[in-house]
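Notes follow once the structure below has been shown.
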Number of protein chains: 4
Amino acid sequence: MTQNDLSKRLFAEWFGTLALVATVVGSGIMAETLANNNVALALLGNTIATGAILVVLITMLGPVSGAHFNPAVSAAFALKGALSGRLAVFYIICQIAGGICGTLLAHWMFAAPLLQDATHLRSGIHQYGSEWVATFGLLMVIFGGIRHRPDAVAWMVGLYITAAYWFTASTSFANPAVTIARSLTDSFSGIYYGRYAVFYSGANAGCLACLSSCWLVICTD
Amino acid sequence: MTQNDLSKRLFAEWFGTLALVATVVGSGIMAETLANNNVALALLGNTIATGAILVVLITMLGPVSGAHFNPAVSAAFALKGALSGRLAVFYIICQIAGGICGTLLAHWMFAAPLLQDATHLRSGIHQYGSEWVATFGLLMVIFGGIRHRPDAVAWMVGLYITAAYWFTASTSFANPAVTIARSLTDSFSGIYYGRYAVFYSGANAGCLACLSSCWLVICTD
Amino acid sequence: MTQNDLSKRLFAEWFGTLALVATVVGSGIMAETLANNNVALALLGNTIATGAILVVLITMLGPVSGAHFNPAVSAAFALKGALSGRLAVFYIICQIAGGICGTLLAHWMFAAPLLQDATHLRSGIHQYGSEWVATFGLLMVIFGGIRHRPDAVAWMVGLYITAAYWFTASTSFANPAVTIARSLTDSFSGIYYGRYAVFYSGANAGCLACLSSCWLVICTD
Amino acid sequence: MTQNDLSKRLFAEWFGTLALVATVVGSGIMAETLANNNVALALLGNTIATGAILVVLITMLGPVSGAHFNPAVSAAFALKGALSGRLAVFYIICQIAGGICGTLLAHWMFAAPLLQDATHLRSGIHQYGSEWVATFGLLMVIFGGIRHRPDAVAWMVGLYITAAYWFTASTSFANPAVTIARSLTDSFSGIYYGRYAVFYSGANAGCLACLSSCWLVICTD
């Protein structure tokens, strides 16, 4: 890989995560503002915008960097051996930075304070379990899709997240970089972890470990 | 078929039905909780999540097991001779088990009692007739799709169920394994059959018989 | 064309129009019943179901009969010389019969009186003009799609009708067979033409005449 | 390029922008009329109709004229050297004329006064910034899509605008021709710029300049 190639990949990861988080946070603000306190309607607007932008970003940036936009995905690729450890670290740094920039951009567009403390508590074992399920499912979809229908992965991820916003109690972040970015907004999509944030990270780590073995059995042979 | 191949197929049927039911039940709970008693809005959230996950699951697991997730589909394939009777029985057992696990998972994620008695009565000749129509249509779509556009079947089934949630009076289960799983939840998507459950099964059996002949005429020649 | 081939085509036109109308009318009843008098929400449910089933039906039955389901489309094909006049007449009879059966089926599934007199008045020059626009646009989409992207026609028609439900004042029937079928229901999707029904037919005929010349200029050369 | 070819291209740009604006304005009127003052619901109807018609129009007219429907897009193509300056000017004139005709058509279909003064003020630095973001994103999507997945551009633009209606504070016009057309309606989708319209144009020009350099770095090499 040339230096130029590396810059482009990292730019794509930064830009894609920025655009994803700006959409998640921005559409959350828009939807909550307009929905007259009907949370289902706000979630619907949030869902449609997020699902749509995911398809667009993965289609557009997939050929550049793989379009991970998600430390869990980059870590899984590294575990699988499809991404060097060093590159995975670079990817994850760009994703976290991009996510934070995305929150800032959404706040700026809606004329809100740039940095906010999330107070929307989403804690407890069931929330963590939901996240585990959502992340596990996302990795299944990505690796299953790459194996069987690589041209369909962008649609599959967009549709999976569309469903996961509704079927998990936590509205499915399934993405540590997005989670960090969402802890910086006090709007519809904000997250406050409370005291168990460490456990949450543990759950995600466990998820990855479990996945890597499970996935070896199912998706490959 | 090797032993390894068989395990993978049965795992795919179990896992796919689990994920489908977890989405149907989970998104039903989420939608009903948030929708301020507007049932159309709750059904919309339920519909979008179900349609989206169907496209994902069929695209991902179709190449492994055929992605039936539905005893009516497996039975129709067996009648057509495309699946051995013994394998169809294994498929159906995995689908029913997966469906029940899906309800349990959704209840756990939303911190609800794991097993519940459905009280949402959906009974009477019109409801059974709606189910007949929905199941018949689903089989038409699957067999017509496999014949003319096999690459489009995942989308076709997802979109068909999206429509069928709205055009049938019963919100279209069209799937005995999902029906059993939904009789174990007392949430938005729960089903209580009442005294005519036997008749209902009869209607489904009749549907299959009728279909197998009708389908011989239309889809093949 | 063999006799067997003809029967299959006519069956496909009858069945497809039946399924389309059953979805339009059935989802209209479902949506209106659940939407707590919020007509935009009812129209949203009606739109999503109709758009979804159109993609499914055209993908499934397009290879059999061309999937017209619409006398305006069959007439345009006949004007273009792509369908014999005799076959076009047979198509149109099957479409009208299928549409009426679709209304009956929807009413039966929802336990409503089988035949009803529509009282939902949609009359006046602006409504007729909207219909003209909707029908003209539909024919543009079909002929433009067949010329440039024949594999995408099913999606294009489904998405076009999704948009046309909202951008025309008449919620876009654009289909004489569906219009007749909808004049037999007094539910959400019912139509009462009033005294100007004759003029309406004239507008549709004019549309076809205008289209056939316009389309010669644009889509072919 | 023959004279006949040129006419067809210009007709396609005029017609496509007309249909796009008629959908944006018409579905806005329909949605606002029906939504019982729930603005999120009205925006949802507006979003779905706009996203759907964009996919249809770009699929249908892309092979004819490139399906720009947007002076910003034509200008970017001209900057890139993929469109002659003279043709770009013709395109832009047809787009502006088509947009105005689209507003007139929508008003006529809904029996509203044909020309109206917009009073829906969308002004201030955050609104202009949102427009900048939306236009920049749109150009990224178009050029990234053309480079990597030309067959997917129609879907990508439709989905991008679906998301951008929600993630920007300005509901994302991202299109000077559509903006002019929307300043002529006082309905849901109307725009009144107030005193800073000049600055707004400046922002768009800056966007194009910035884009052309940025895009040289990322999308080409």
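Since every read-out is calculated from the coordinates, none of them should be taken as a lab result. Source: prediction; values computed, not measured. Positions of Cβ are backbone-derived with ideal geometry, glycine not excepted, and every protein chain shown enters the neighbour counts.
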Exercise for the section: Can you put B:R9, D:R149 in order of Cβ neighbours within 10 angstrom, beginning with the fewest? Expected result: D:R149, B:R9
Practice task
Determine the distance separating the Cα centre of segment C:96-156 from the Cα centre of segment A:57-128; give it in Å without decimals.
Solution key: 45 Å
Fill in the blank from the handout: Shortest first and in nm, the label-point separations between A:K80 and its counterparts in the other identical copies (7 Å out along Cα→Cβ) come to 3.1, 3.1, 4.4
Completion exercise
Those chymotrypsin sites (Phe, Trp or Tyr not before Pro) from segment A:67-155 that are DSSP loop and have at most 10 other Cβ neighbours within 10 Å turn out to be none
Handout entry: Set of aspartates and glutamates near D:K8 by C-alpha distance (under 17 Å), chain-local residues within fewer than 8 positions excluded
Key = C:D221
Problem - For B:R147, inter-copy label distances in nm, listed shortest first [label point 7 Å out on the Cα-Cβ vector] - result: 3.2, 3.3, 4.6
Practice task
For segment B:24-32, take each phi angle, set θ = phi - 60°, evaluate the Karplus expression 6.51 cos²θ - 1.76 cosθ + 1.60, and give the result in whole Hz per residue in order, putting x for glycine and proline.
Solution key: 4, 6, x, 5, x, 5, 4, 5, 5
Handout entry: Cα-based shape type of segment D:26-147, given that a ≥ b ≥ c are square roots of the gyration tensor eigenvalues and the cut on a/c is 1.5
Key = prolate
Practice task
One decimal, nm, shortest first: give the distances between the label point of D:P63 and those of the same position in the other copies, each label point 7 Å from Cα along Cα→Cβ.
Solution key: 2.1, 2.1, 2.9
Fill in the blank from the handout: Which residues qualify? For D:A118, with a placed amide H closer than 5 Å and at least 5 residues away or on another chain, they are D:T185
Problem - Exposure proxy ranking, count of Cβ atoms within 10 Å, fewest first, for C:C94, D:C101 - result: D:C101, C:C94
Practice task
For segment A:44-49, take each phi angle, set θ = phi - 60°, evaluate the Karplus expression 6.51 cos²θ - 1.76 cosθ + 1.60, and give the result in whole Hz per residue in order, putting x for glycine and proline.
Solution key: 5, x, 4, 5, 5, 5
